[in-house]
Amino acid sequence: MPTDLAHAIATCIRDGFLDYHARFAAITRRARQRFEQRDWTAARDDAVERIELYDLCIGECMARLQAIAGGAPSRALWVQVRATFATLVEGLIDGELHKTFYNTLTRRLFATRGVDDAIEFMAIEIEPSDAITHPVARHVYTVSEARPADAFERMLADYRFDVPYRHRLRCAAAIAVRLQDDLAHWGPHPVRAIELLETVFYRERRAYLVGRVFGEHRFSPCVIALVNDGDGLRAEAVLSRRRDVAHLFGVSRSYFQADLPTVADAVVFLRSLLPGKPVDEIYTVLGRAKQGKTERYRTFFRHFQQQPNERLVQAEGTTGMVMAVFTLPSYPLVFKLIRDHFAWPKTMSRQDVEDRYALVFNLDRIGRLLDAQPYRHLRFPLARFAPELREELLESCARSVHVEGDDLVISLCYVQRRFRPLNLYLREQTAGAARAAALDYAQAIADMARNDIFPGDMLLKNFGISRHGRAVFYDYDELCRVGDCNFRDWPQPRDAEEAMAAEPWFHVAPNDVFPERFGWFMGLPKPLLEAVRETHGELFDPHWWRGLQAAFARGEFPDNPPYPRALRLA
């Protein structure tokens, strides 16, 4: 039987999660008001506040636990706490979120290395979504063959805001026409019904109605993007291809603000729209980053155990001067460890690298910065490392790894989705595909710049290409804010001696940047560099960069729609 103390501790942890959950929801609910009032600065602040909330609540709960239990926790007591807590959350739709919160507290209290299944919940043993049959709240509309716009006008009327639609009927007609055109290959009268989650999803400057559209024999995802232009709401775009919806829910985008009463049932619904997207990424993009980490751990190590003869190896691509990177070839993740010493010309410290990865975690990633989740105290069997990888980690990452018996324990690593490095991708593709990738690489730099992000190191090896051909940046050791740089014109030599000098003949400060010289650092073949200069000449113009800095100083940030112009409604 559990003791009164074990019950008090379990109840304290449950209440701590409920407090976190309520505060998370309170921040999330502000998104509607931010959208209605077009308060984009406050929306950015809310996103950061919500990300930081988890660790804040964990700290507060730990203080309460110490007041209840006093001193160092007893492992024998915690075995009872675990059993009691399991009973308290049994049958809850979001029971897994409670257990993850419990695990975070337990691991910090006991400084757990690896996994201790006697006092924490084993992630590998559970598949939370399998048992969920609770239907998530949604609206369903039948679409008339004779007057399809009527259904979409009723739909828009059901999603009420304090700002009116500029022209609701016109928006409804545009949605109907776009879906009829996009799904014409389904046959005559392709759209028979539409089903949307009751909860509106918000991110950056848009509100999204998320669901699916049904034909006679098939269905497709359907996301309707709403914008507030200041003189009323309007439907801006309709996404009905999985590829476009997958981009919207991608790992290189910031988290949605979606006030879901329960989360796991919504995850199940979203997986029906995007069956190829891992469940961990869906939890993460809904703002449940800690649960996303748990799910990522769960699915990776289950796969790892099912492939006992496969070894961890060094990741493909150019060896990094700051990070050692390894992967399991059959699984699309990479593990990145900070090296003990950085090769010249890298001058940052280990703390600088950690700070930059933390910065990216809080940034609006606009579809160009890959989410990187920090993991601590991961344990791998030493025999599963390829010999050359094991040697590299033990020699160059000794501050991050150590051997315990037959295991290698990693004190800190960053885990990201594996993308094909751009330098390798360009060598493998046709001329047309390589040109498209190079132009999107330049577009990625421009997109980041317009959001006050300067990648620092523009080498191709620091960018990857998604399976849909989108360029993303994933190496953050030199990343900084555009506003922190000094964008200078390249000085003109005053005489022949200066013109022939092998080194710069003028002073260069650490934060000086010379856009006119970017071509030297990009590493693109000449034809591709010429195409980039022709299409994105602004990147090489210091005046353009200084203009961005001036706009940021005024509090102005340009809009970055998460879909191509071709998907916008007329």
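Observations, loosely collected:
- Residue-level check: of (1) surrounded by 16 or more Cβ atoms within 10 Å (Cβ to Cβ); (2) of a type outside the set (Lys, Arg); (3) over 30 Å from residue 226 (Cβ atoms); (4) touching a strand residue (DSSP E or B) at 6+ places or on another chain (Cβ under 9 Å), residue 512 misses just (1).
- Here the helices (runs of 4 or more DSSP H) wholly within segment 472-570 that include at least 1 residues being among the β-branched types (Val, Ile, Thr) and not assigned by TED's automatic domain parsing to the domain that holds residue 172 are 526-535.
- Among residues of segment 66-103 being in a loop (DSSP other than H, G, I, E, B) and either surrounded by 15 or more Cβ atoms within 10 Å (Cβ to Cβ) or in contact with an Asp or Glu (Cβ under 6 Å, 6 or more places away or on another chain) (or both), the one that is modelled with the highest pLDDT is 94.
- Among the numbered conditions (1) in a helix (DSSP H, G or I); (2) over 20 Å from residue 372 (Cβ atoms); (3) touching a Pro at 6+ places or on another chain (Cβ under 8 Å), the only one that residue 461 does not meet is (2).
- Residue 431 falls short of the stated requirement of being at pLDDT below 90, over 23 Å from residue 334 (Cα atoms) and loosely packed, with under 13 Cβ neighbours inside 10 Å.
- Set side by side, the residues 246, 225, 235 differ, and just one is small (Gly, Ala, Ser) and modelled with pLDDT under 95, which is 246.
- Taking helices (runs of 4 or more DSSP H) as the structural unit, those lying wholly within segment 184-299 and holding at least 3 residues that are over 16 Å from residue 562 (Cα atoms) correspond to 264-273, 279-285.
- The C-beta contact set for segment 558-570 (first residue touching a residue at least 24 places away in the same chain (Cβ under 8 Å), second residue part of a loop (DSSP other than H, G, I, E, B) and among the polar types (S, T, N, Q), distance under 7 angstrom, 6+ apart or interchain) comprises 560/451.
- When 294, 299 are checked against the criterion of being of a type in the set (Val, Ile, Thr), surrounded by fewer than 20 Cβ atoms within 10 Å (Cβ to Cβ), outside the structural domain of residue 453 (by TED's automatic domain parsing) and over 22 Å from residue 363 (Cβ atoms), a single residue qualifies: 299.
- Residues of segment 509-519 that are at pLDDT 90 or above and either within 22 Å of residue 422 (Cα to Cα) or in contact with a Ser or Thr (Cβ under 9 Å, 6 or more places away or on another chain) (or both): 515, 517, 518, 519.
- Residues (touching a Gly at 6+ places or on another chain (Cβ under 7 Å) and either crowded, with 19+ Cβ neighbours inside 10 Å or not in a helix (DSSP H, G or I) (or both)) located in segment 29-65: 38, 50, 57, 61
- Residues located in segment 248-302, provided they are over 30 Å from residue 40 (Cβ atoms) and among the aromatic types (Phe, Trp, Tyr): 297, 300, 301
- Scanning segment 133-167 for residues that are β-branched (Val, Ile, Thr) and more than 32 Å from the chain's Cα centre (by Cα) yields a count of 2.
The values are calculated or read from the model by the stated rules, or taken from the named source; none is laboratory data. All of these numbers come straight from a predicted model, not from anything done at the bench. Reconstructed Cβ throughout: ideal geometry from the backbone, glycine too, with neighbour counts over all protein chains shown.
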